Amino acid sequence: MPRRRIAVVGGSLGGLTAACLLRDAGHDVVVFERSSRELEERGAGIGFLSATAKYLVERAGLDVGTISIETPFIRYLNRDDSVASEEAHPYLFSSWNTVYRRLLESFDIDRYRLAHEMVGFVASGGAPGPSASSDSGDSVSVDFANGTSYDCELLVCADGIGSIARAKLQPEAAAAYAGYVAWRGMVPEANLPTAVVDRLGDAITYFVYANSHILVYPIPNVAGSVAPGDRLLNFVWYRNYAEGDDLGDLLTDRTGTRRELSVPPGAMAPHHEAEARAVAAARLPPTIAAVVDATEELFVQSIYDIEVEAMAFGRVCLLGDSAFAVRPHAAAGTAKAADDGWALAAALDAHESLDDALAAWEATQLKLGRSLLERTREVGSRSQVTNTWVPGAPDTIFGLHRPGD
Ligand SMILES: Cc1cc2nc3c(=O)[nH]c(=O)nc-3n(C[C@H](O)[C@H](O)[C@H](O)COP(=O)(O)OP(=O)(O)OC[C@H]3O[C@@H](n4cnc5c(N)ncnc54)[C@H](O)[C@@H]3O)c2cc1C
């Protein structure tokens, strides 16, 4: 296997996992991240599927119990807090922050370049990178907003849902707003009544009602502690907003700035935050409403389906959310990004030719992206559109390749 000079653009979970794996395989890897400081602020919870955990467990040698929390039950509540259904099913939950920190520790910090926002790339031979030319050339020059550039043999674009690489390579890729957003928040267990922590701390807890659902689960705190009492309770509450003014007003922050995809903690317009708290009190089971109420700063992320027709374009490829962004109902977004990285490293190992490696990689990862997109779209429409979500239905179990896997 030839040693390749590889640039990974986007230093979040997908980019970092791929970078670690490609570095482990002997390649010369540098990560370029647009943020000017390490991405510590994103403490929200993630369902922690095995593909997301795999690098940290198998290569970094971490005990999964130190970076995630196992919940033994899937529980659905009724409006009055009584249990509608409960089944024994273990899940692991972690936080974006915990996983990011551990992946960064596993990479080489001097090869993680902050304040490098990619603004374009050009394939050798003069064809602009975005041309999606089938001529792979033998190098790609990546340009950054800070005026620098970097030449590589392979450019891995892990630049997320708003990927500029996707916009250039696949301008026709459909980015379809799902019709709803996720209201989110995290609360220290210590800030909640004991009865609430006791009821919600050992499960993923759902409440499903007309055209909406909310789920709550425990996650590590911002410092990474998984000790009971130190943890956070994390909620994700899916609510419908019509495209246009309805969504536009929600995404207009407290300073009057219209955000594109999300409004971060501390920036929500007060009238929306007050409305969400009032609806929680009026319509959610009291224990779940207590979590929403105790959250200091609510935030919102809009939900999109994004699908590409190709993931490899000469010597440039799209990985993670920069290729397929899927609804969160399988808790598999970071797992898919990680799987793209594992498969890429394996394909480079298996093929002498970079073109052959990328072609083989693209075939399997396109299939994965499509199947996950289709499954999450269908599950989401049950709660948000057709009101046909059945509590405890086996096909609502989280999983990357299929429910439960
Ligand atoms: C409500 C919600 C709940 C979710 N729940 C889960 C869950 O439970 N489990 C799970 O696994 N997934 C979940 N996800 C999905 C998960 O967050 C994403 O799939 C995952 O973050 C994608 O990782 P990524 O590395 O591909 O992209 P991102 O995390 O979006 O990272 C992209 C990175 O690229 C950088 N970047 C962007 N543009 C440039 C540029 N031009 N130059 C340089 N750098 C750039 C960004 O700063 C960022 O660091 C959820 C998503 C949402 C919205």
Cβ-based exposure ranking for Glu374, Glu273, in which fewest neighbours within 10 Å come first | Glu374, Glu273
Rank Pro90, Tyr100, Phe32 by how far each Cα sits towards the positive end of the charge dipole of segment 25-121 (+1 on Lys, Arg Cβ; -1 on Asp, Glu Cβ) and give me just the farthest.
-> Phe32
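What FRET efficiency would be calculated for the residue pair Ala167, Arg258, taking the C-beta separation as r and a Förster radius of 22 Å, to the nearest 0.05? Don't jump to the answer; show the numbers that get you there.
Details: r = 19 Å, r/R0 = 0.85.
Efficiency, from the Cβ-Cβ distance: 0.70.
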Partner lysines whose C-alpha sits under 23 Å from that of Lys54, ignoring same-chain residues fewer than 8 away, are Lys336, Lys367
How far is helix 354-381 tilted off the main Cα axis of the chain, in degrees rounded to 10, range 0 to 90?
-> 20 degrees
Determine, for Thr364, Thr71, Thr257, the number of other Cβ atoms within 10 Å of each Cβ, and report the residues in order from fewest to most.
-> Thr257, Thr364, Thr71
Check: C-alpha center segment 323-362 vs C-alpha center segment 286-320, spacing in Å is 19 Å
For Ala195, put the label point 7 Å out on the Cα→Cβ axis and report which residues of segment 54-95 keep their amide N under 15 Å from it.
-> 80-83
For Asn240 and Asp24 in one chain, what is 0.36 nm times their gap in residues minus the Cα-Cα distance, to one decimal in nm?
-> 73.4 nm
For Val390 paired with Glu297, estimate the spin-label separation in nm (one decimal), with each label point 7 Å from Cα along the Cα-to-Cβ line.
-> 4.2 nm
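When the dipole is taken about the Cα centre of the chain, and only Lys, Arg (+1) and Asp, Glu (-1) are charged at their Cβ, what size is it in debye, to the nearest 20?
Values: 35 positive and 54 negative charges, 64 e Å.
Computed about the Cα centre, the dipole is about 300 debye.
Report the net charge of residues surrounding Gly224, where surrounding means a beta-carbon distance below 10 angstrom and charges are Lys +1, Arg +1, Asp -1, Glu -1. List each step's numbers first, then the result.
Details: positive: Arg101, Arg102; negative: Asp230.
Charge balance in the 10 Å sphere: +1.
Can you give the helix-only mean residue ellipticity at 222 nm for the chain, where every DSSP H stretch with n ≥ 4 adds -39500 (n - 2.57) and the sum goes over all residues, rounded to the nearest 500 deg cm²/dmol?
Numbers: 10 runs with 116 residues, N = 405.
When only DSSP H runs of four or more count, the value is -9000 deg cm²/dmol.
For each of His329, His271, His351, count neighbouring Cβ atoms within 10 Å of the residue's Cβ, then give the residues from fewest to most. Present the calculation step by step, with values, prior to reporting the outcome.
On the way: His329 26, His271 11, His351 17.
Ranked by crowding around the Cβ, least crowded first: His271, His351, His329.
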Got a sec? Charge dipole of segment 191-308, +1 on Cβ for Lys and Arg, -1 for Asp and Glu; which of Thr252, Trp237, Ala282 is way out at the positive end?
-> Ala282
Which listed residue (Ala338, Ile397, Ala312) has the Cα farthest towards the positive end of the charge dipole for segment 278-405, taking +1 on Lys and Arg C-beta and -1 on Asp and Glu C-beta about the Cα centre?
-> Ile397
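None of the figures in this text is laboratory data; all of them are computed from the coordinates on show. What you see is a predicted model, and the numbers here were worked out from it, not measured in a lab. Note that we place each Cβ from the backbone using ideal geometry, even for glycine, and neighbour counts take in every protein chain shown.
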